[in-house]
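Heads up: the structure comes next, in structure tokens.
The values are calculated or read from the model by the stated rules, or taken from the named source; none is laboratory data. In this text the structure is predicted, and so the values were computed from the model without any measurement. Using ideal geometry, Cβ is built from the backbone for each residue, glycine included, and neighbour counts are taken over all protein chains shown. When the accessible area is computed, the model is the full protein with side chains, heavy atoms only, and any ligands, DNA or RNA have been set aside. Shrake-Rupley method; radii C 1.70, N 1.55, O 1.52, S 1.80 Å.
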Amino acid sequence: MKNLVIFASGNGSNAQNIIEYFNSNSSTASSAKVVRVICNRTNAYVLERAAKLGVPTSVITKEDLSGGPQGILEILEKDSTDLIILAGYLLKIPDEVIAGYKGRIINIHPSLLPAYGGKGMYGNRVHEAVIAAGERVSGITIHLVDENYDSGKILFQAECPLLENDTPETLAGRIHKLEHTHFPHIIEEYIKDYLP
Ligand code: GRF
């Protein structure tokens, strides 16, 4: 049984979806469990979602992090963390955490990387840029995390069309559906293939 820790900053629909997936009784999903959600904002909705599902939470703010990675590292160690999942987490992961969990941090990004990635490209900003550029397709990328933003090895991508009257919100809705469909399965496959 692998222990997953999810990092999230806001709404947390992906976090909830992943928690529920690995809580389900399916024999394939029972290979892992979400043991904690780490969030950088005290009022983020993801904290309520996790609490409702009985998953412990920790709030580690930007200020906490500026004091060094020790707090996060201790929590991860105490939870015997096998895999870290970034699901809408907006802060940079400290280099010490990336080094300590090499090949064991997975992020989801709401565009077809390398397009529309990098520092400052998150949430609706991504969708605004995709629409402004007149793209015909967008999609999601699930990738390993390395020291730079959005540049680790790509594990999976899926596309969706852009429609004529799309707004950042309508596109975000379509992207979220793709994320909810694929993210738990890609995590599960990664565990099977690389964390035996
Ligand atoms: C997702 O679109 C994810 O790709 C991005 O942030 C969003 C988080 O959504 N990194 P939610 O908080 O899981 O609803």
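Only Cα pairs under 8 Å and at least 6 apart count here; give the relative contact order of the range 2-194 as a rounded whole percent. Don't jump to the answer; show the numbers that get you there.
Details: 330 pairs, mean separation 38.3, N = 193.
This gives 20 percent for the range 2-194.
Mean projection of the alpha-carbon convex hull of the range 2-194 over all orientations, in nm²?
Across all orientations, the range 2-194 yields a mean hull projection of 10.4 nm².
In whole percent, how big is the carbon plus sulfur part of the accessible area of the range 1-141, probe 1.4 Å, protein atoms only? All intermediate terms of the calculation are to be shown ahead of the outcome.
On the way: 3250 of 6550 Å².
After summing per-atom areas, the C and S share lands at 50 percent.
Accessible area per residue of the chain at 1.4 Å probe, in Å²?
On the way: 9660 Å² over 196 residues.
That works out to 49 Å² per residue.
For n ≥ 4 DSSP H runs only, could you compute -39500 (n - 2.57) per run for the chain, divide by its residues and tell me the 222 nm figure to the nearest 500? Don't skip to the answer; put the middle values down first.
Working: 7 runs with 76 residues, N = 196.
Here the helix-only value at 222 nm equals -11500 deg cm²/dmol.
Could you rank 33, 78, 2 by how accessible they are, 1.4 Å probe, largest area first? The partial results should precede the final answer.
Values: 33 95, 78 175, 2 45 Å².
Most to least solvent-accessible, the answer reads 78, 33, 2.
Compute, for the range 128-195, the length of the dipole vector about the Cα centre, with Cβ point charges of +1 (Lys, Arg) and -1 (Asp, Glu) only. Units Debye, rounded to 20. Don't jump to the answer; show the numbers that get you there.
Details: 5 positive and 13 negative charges, 38 e Å.
In debye, rounded to 20, the range 128-195 gives about 180.
So how far, in whole Å, is the C-alpha centre of the range 137-196 from the one of the range 38-114?
Computed from Cα coordinates, the inter-centre distance equals 18 Å.
Out of the range 103-196, which trypsin sites (Lys or Arg not before Pro) are coil in DSSP terms and have no more than 16 other C-beta atoms within 10 Å? Provide the component values of the computation, followed by the final result.
Details: sites: 104, 119, 125, 136, 153, 174, 177, 192; in loops: 104, 119, 136, 153.
Sparse-neighbourhood loop trypsin sites (Lys or Arg not before Pro): 119, 136, 153.
Of the listed pairs 153/177; 119/192; 102/177; 78/177, which have alpha-carbon separations greater than 27 Å here? Please list the in-between numbers first.
Details: 153/177 23 Å; 119/192 31 Å; 102/177 29 Å; 78/177 33 Å.
Violating the 27 Å limit, Cα to Cα: 119/192; 102/177; 78/177.
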